[in-house]
Amino acid sequence: MSELAIRKEIISTCLKMEELGINQGTSGNVSHRFKDGILITPSGVSYDLLKPKDIVFVPFSDKNSYKGEYPPSSELDFHFDILKTKPDIECVLHNHSIYATAMAICRMDIPAHHYMVGVAGGKKIPCASYATFGTPELSQNIIKALDGYSACLLANHGVVTVGANLKKALWIAIEVENLAKQYAMAKQIGEPVILSDKEMDKILEKFKSYGLKK
Ligand SMILES: [Zn+2]
């Protein structure tokens, strides 16, 4: 993909998050690998005003020497560290979607109450340990939680999803919010039944040929 195409897709993904109601204001952020660094949303610019030139480039060689009119997102650290340390991941998406964040506030993993939990590659959506936003500690906690998963919750904060492309990372973010909402609703009605490890093994096997191919 060309640099301009990536810049445009970062913006359209931001707008999509807003349209879908999984993000509020400027709290979410999106990044994509590009050459020897990352392209990331700027800090504090409202999504509807974003232009391709406003997306910031940060080289892997130096986190502090960004190229752009605005500084990078205040959550640069985890976007940068994930893309730098995990070469199989192309993009990172972050939001504060309501139900998933509510579970993160309770510091709960999303359990296997529905087979779709397998969308993130495992038997739950893990919740990363708490650290202050924008800190290297938060970045470390997220990388630890993402081990083998393409999504995690951030304690008292929100959600991170990763993927081979933005379409996939967005799809996972939508599913994570749906799963959290289902779990919260089920908790209102009764005690949710969690699928067994054995059943989840079967489901994860099926997931290998499920979902977005590209
Ligand atoms: Zn955040």
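The values are calculated or read from the model by the stated rules, or taken from the named source; none is laboratory data. What you are looking at is a predicted structure, and each value in this text was computed from that prediction instead of being measured. Remember, those area values only see protein heavy atoms, side chains included, never the ligands or the DNA or RNA. Shrake-Rupley method; radii C 1.70, N 1.55, O 1.52, S 1.80 Å.
Annotation: lysines with alpha-carbon distance below 17 angstrom to Lys144 (same-chain offsets under eight excluded): Lys84, Lys86, Lys123, Lys124. Within straight-line reach of Lys8, meaning a Cα separation under 20 Å, sit the following lysines at least 8 residues removed in sequence or on another chain: Lys16, Lys35, Lys51, Lys53, Lys67, Lys167, Lys168, Lys214. For the stretch 3-207, carbon and sulfur atoms together expose 54% of the accessible surface, with a 1.4 angstrom probe and every protein chain in place. Helix 76-85 and the longest principal axis of the Cα set of the chain meet at an angle near 80°. Quick one: check the C-alpha center-to-center distance for the stretch 49-119 versus the stretch 163-189, whole angstrom. Taking the Cα centre of each part, the stretch 49-119 and the stretch 163-189 sit 16 Å apart.
The residues of the stretch 39-104 have, on average, 43 Å² of accessible surface per residue, using a 1.4 Å probe with all protein chains present.
When the helices of the chain are scored as -39500 (n - 2.57) per DSSP H run of n ≥ 4 and the total is divided over every residue, the value at 222 nm lands at -12000 deg cm²/dmol. Relative to the longest principal axis of the Cα atoms of the chain, helix 197-207 runs at roughly 50 degrees.
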